[in-house]
Amino acid sequence: MTSAVKVTGVTHVYVTEERATLAVQDIDFSIGQGEFVSLIGPSGCGKTTLLSMIAGLILPTAGGVEVGGEPVRGPSSKVGYMLQQDYLFPWRTIEANSWFGLEIEGRLTPETKQSTLELLDEMGLLRFKDYYPTQLSGGMRQRVALVRTLATDPELLLLDEPFSALDYQTKLQLEDLVLRTLRAKKKTALLVTHDMSEAIAMSDRILVLDPNPGRLRRVFDVPADIRSASPLLARELPSFHGLFREVWQEFGGESDADR
Ligand code: ADP
Ligand code: MG
């Protein structure tokens, strides 16, 4: 079976007039169809750079990326991207924001509009469809961003810290909603987070990156009992705490304040 994502020997150097920054070096991993994988590591270790290469927004300096068995040469509708900030347009209603991706891909039809309304309904947002983004809470806005991302029906979702600006309770609710939705729709996902609990509670596998330059340090398989529990209940399992300690040690307990 072809991998959903295949990253082979990927290195990226940012070149500006002042300097060259080796952001990530010689990274290899693949993600299976329908798998949920998290990428964790301290800030500046190259997580966003890796996601941008998988999304085709920047090209690797060396190595290659494949999505769905095809080399990535630029942005594609096979990949959906969700960020920490929702980037909803304030002058568009929730419904019109949800269509945005379909509109720029020239795929807005009565049928795709209808399936977008169904997604809004699944996210509990249908009755807010005529509202504007400023009238919604942060968690609701991220749900709209998820609808907009799913509306174009991508095979792969790239999630770059989508929960990190939310309060703890909203974050737990959204983790649960996102995981249930992506599993039900059999989507493949790669989540970037600096929250180890979130990575353990949501993922099938966790990739830990080393900083300066970003290299793949270790891969953890998440045990079945955690994977089959909801992100909220997973946090109460004994195996969760065991894995948390292991992942923490891999980080060396390092915090931003030490660097
Ligand atoms: P993370 O998402 O893990 O915080 P990034 O991928 O954003 O890390 O950054 C990795 C490294 O590349 C950092 O040293 C950062 O300063 C550098 N970097 C990121 N984007 C750019 C850019 N556009 N130009 C130059 N350097 C960059
Ligand atoms: Mg980042």
(request) Please work out the C-alpha center-to-center distance from segment 9-31 to segment 115-142 and express it in whole Å. (result) 38
(message) Can you compute the modelled spin-label distance between L232 and Q33, with each label point 7 Å from Cα toward Cβ, in nm?
(response) 3.3
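Ranked highest first by average number of other Cβ atoms within 10 Å, how do 111-120, 66-75 line up? Working shown, then result.
Working: 111-120: 16.3, 66-75: 14.1.
Ranked by mean Cβ neighbours within 10 Å, highest first: 111-120, 66-75.
What percent do you get for the relative contact order of the chain when only Cα pairs under 8 Å and 6+ apart count? Please report the intermediate quantities before stating the final value.
On the way: 489 pairs, mean separation 63.6, N = 259.
RCO, the chain: 25 percent.
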(request) Can you pull the one-decimal nm distance between simple spin-label points at Y132 and R92, each 7 Å off the Cα toward Cβ? (result) 1.5
(request) Would you mind computing, in nm to one decimal, how far apart the modelled labels at E118 and Q249 are, each placed 7 Å from Cα along Cα→Cβ? (result) 4.8
(request) Across segment 73-204, how many lysine pairs, 8 or more positions apart or on different chains, have C-alpha atoms separated by under 16 Å? Please give the number. (result) 4
(message) Rounded to the nearest 20 debye, what is the charge dipole size of segment 100-231 about its Cα centre when +1 sits on each Lys and Arg Cβ and -1 on each Asp and Glu Cβ?
(response) 100
(request) Name the long-range amide H neighbours of L159: under 5 Å, sequence gap of 5 or more, or other chain; modelled H, no Pro or chain starts. (result) M82, L190, L191, V192
(message) Highest mean first, how do 56-63, 201-208 rank when packing is the count of other Cβ atoms within 10 Å averaged over residues?
(response) 201-208, 56-63
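Please report the relative contact order for segment 52-206, taking Cα pairs under 8 Å with a sequence separation of at least 6, and give it as a percent rounded to a whole number.
Numbers: 197 pairs, mean separation 39.1, N = 155.
Result for segment 52-206 is 25 percent.
Would you mind ranking Y81, Y132 by Cβ crowding within 10 Å, fewest neighbours first?
On the way: Y81 21, Y132 16.
Lowest count first: Y132, Y81.
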(message) Give me a comma-separated list of calculated 3J(HN,Hα) values for segment 160-177, in order, Karplus coefficients 6.51, -1.76, 1.60 applied at θ = phi - 60°, integers in Hz, x for any Gly or Pro.
(response) 9, 6, x, 10, 6, 8, 9, 5, 4, 5, 4, 4, 5, 5, 6, 4, 5, 5
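Taken together, the values in this text are just the output of simple stated rules run on the coordinates, not laboratory data. As the structure is a computational prediction, the values presented were derived from the model and not from experiment. Glycine gets a Cβ as well: all are built from the backbone with ideal geometry, and neighbour counts include every protein chain shown.
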